[in-house]
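Each remark here refers to the structure printed beneath this line.
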Amino acid sequence: MSADTMRAVVQDGFGGPEVLRVRQVPRPAPLPTEVLVRVHAAGVNPVDWKTRGGTGMAGVLGEPPFTVGWDVSGVVEEVGFGVTTLKAGDEVYGMPWFPRAANAYSEYVTAPARQFARKPATVDHVHAAAVPLAALTAWQVVVDTARVRAGQRVLVTAAAGGVGHFAVQVARHLGAHVTATAGATRHSWLKEIGAHETVDYTATRFEDATADIDVVIDLVGDAHDLTSTRSLKVLRPGGLLVAVPAGVSPELARAAGAAGVRATSFLVEPDGTALTTIAGLIDAGEVVVEVEKTFPLERAGAAHAHGEAGRTRGKLVLTVAG
């Protein structure tokens, strides 16, 4: 391999996991204010396989060929002119460029230095790579959008997944009473990481098990059993539904208005400052990172197939460099 090239997962068309292939591509170079990061691990998120299939961020990335992935943890290899916050050799993690292409399923990425933060010191690159997109989503929903405060009641759907397990922990950290929906096998673990109550969505409809909720963080959406619309039933007057996967349709907005509650869409943004705060919570033991399984870069397709099955506890991660 030439020093001018690197391995990357590239797809030439939309389709199933089989379209993901590793090939040699040009290695990027940092522009002013950017850093070149050697990727040790890359997180796998639902938006990755949705984009691979032609939805997700495909409208932003355009037609293939392209490389998916936004979560990275690695080591700064080179800094561009003007960078003062990081230096070569620093261990960093981040969610650069989202929703534009970050090319995280690669050996190297470049991005603005301030879209990265120093990696949590108490976890390895695999666990750090599991954090950025999911934890930033949880943080920006709970802290910035819903402004959850102590004593409020928060419902998190799909709580055992990547975003869900961070949302539970962030809300609990702020002093909220957290109810989490998940399959029964996940309940004891969710209570260990911060849920006060759990609901087995396979046996009980959450609107029959809880009420007077201040904030619903819906990570399922109306595409599955009208989960967002059903969430309106559990909110107190003036409560807030944050509909993460598919946003708020006109029909959902009308239903929220008729119910006397609020509903908002959400899309995560790069935020190195928030990642620094999250790293501090991880290092303090306030937030734990769950990684169910790792895959080598060459098996990115297998990672997508596993994730699309919809039963992942926490996150899946690609290992890139040792």
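The values are calculated or read from the model by the stated rules, or taken from the named source; none is laboratory data. What you see is a predicted model, and the numbers here were worked out from it, not measured in a lab. Backbone-built Cβ (ideal geometry, glycine too); neighbour counts: all protein chains shown.
Data overview
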{"quantity": "Any hit, the range 290-297, residues being assigned by TED's automatic domain parsing to the domain that holds VAL123, of a type outside the set (Lys, Arg) and in contact with an Asp or Glu (Cβ under 6 Å, 6 or more places away or on another chain)", "calculated": "no"}
{"quantity": "Residues of the range 219-256 that turn out to be part of a loop (DSSP other than H, G, I, E, B) and closer than 20 Å to GLY162 by Cα, as a count", "calculated": "10"}
{"quantity": "Lone unmet requirement of (1) not assigned by TED's automatic domain parsing to the domain that holds THR85; (2) not in a loop (DSSP other than H, G, I, E, B) for ALA117", "calculated": "(1)"}
{"quantity": "Residue match in the range 253-268 (condition: out of contact with any His (no Cβ under 8 Å at 6 or more places or on another chain) and farther than 23 Å from GLU207 by Cα)", "calculated": "yes"}
{"quantity": "Residues of the range 149-169 that turn out to be in a loop (DSSP other than H, G, I, E, B) and over 16 Å from ILE213 (Cβ atoms), as a count", "calculated": "2"}
{"quantity": "Qualifying residues in the range 87-130 (those that are aliphatic (A, V, I, L, M) and under 18 Å from ASP283 (Cβ atoms)) - the one nearest to the chain's Cα centre (by Cα)", "calculated": "ALA130"}
{"quantity": "Hits in the range 62-76 - residues which are surrounded by fewer than 16 Cβ atoms within 10 Å (Cβ to Cβ) and on the phi < 0 side of the Ramachandran plot", "calculated": "GLU63, PRO65"}
{"quantity": "Filter result (part of a strand (DSSP E or B) and either of a type in the set (A, V, I, L, M) or closer than 12 Å to ALA104 by Cα (or both)) within the range 12-28", "calculated": "VAL22, VAL25"}
{"quantity": "Filtered residues of the range 170-189 (kept if assigned to a helix (DSSP H, G or I) and crowded, with 24+ Cβ neighbours inside 10 Å)", "calculated": "VAL170, ALA171"}
{"quantity": "Which listed residue is touching a residue at least 40 places away in the same chain (Cβ under 8 Å), in contact with an Asp or Glu (Cβ under 9 Å, 6 or more places away or on another chain) and closer than 17 Å to GLY239 by Cβ, from LEU136, LEU155", "calculated": "LEU155"}
{"quantity": "Cβ-Cβ under 6 Å pairs, at least 6 apart or on other chains, the range 196-214 side under 12 Å from ARG230 (Cβ atoms) and among the polar types (S, T, N, Q), far side modelled with pLDDT of 95 or more and not in a strand (DSSP E or B)", "calculated": "THR210/VAL234"}
{"quantity": "Failed item in (1) out of contact with any Lys or Arg (no Cβ under 7 Å at 6 or more places or on another chain); (2) more than 30 Å from ASP124 (Cβ to Cβ); (3) crowded, with 16+ Cβ neighbours inside 10 Å, with ARG254 passing the rest", "calculated": "(3)"}
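A quick yes/no check of all residues on (1) surrounded by fewer than 17 Cβ atoms within 10 Å (Cβ to Cβ); (2) outside any loop (DSSP other than H, G, I, E, B); (3) basic (Lys, Arg):
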| residue | (1), (2), (3) |
| --- | --- |
| VAL10 | no, yes, no |
| PRO30 | no, no, no |
| VAL35 | no, yes, no |
| VAL47 | no, yes, no |
| THR51 | no, yes, no |
| THR84 | yes, no, no |
| ALA101 | no, no, no |
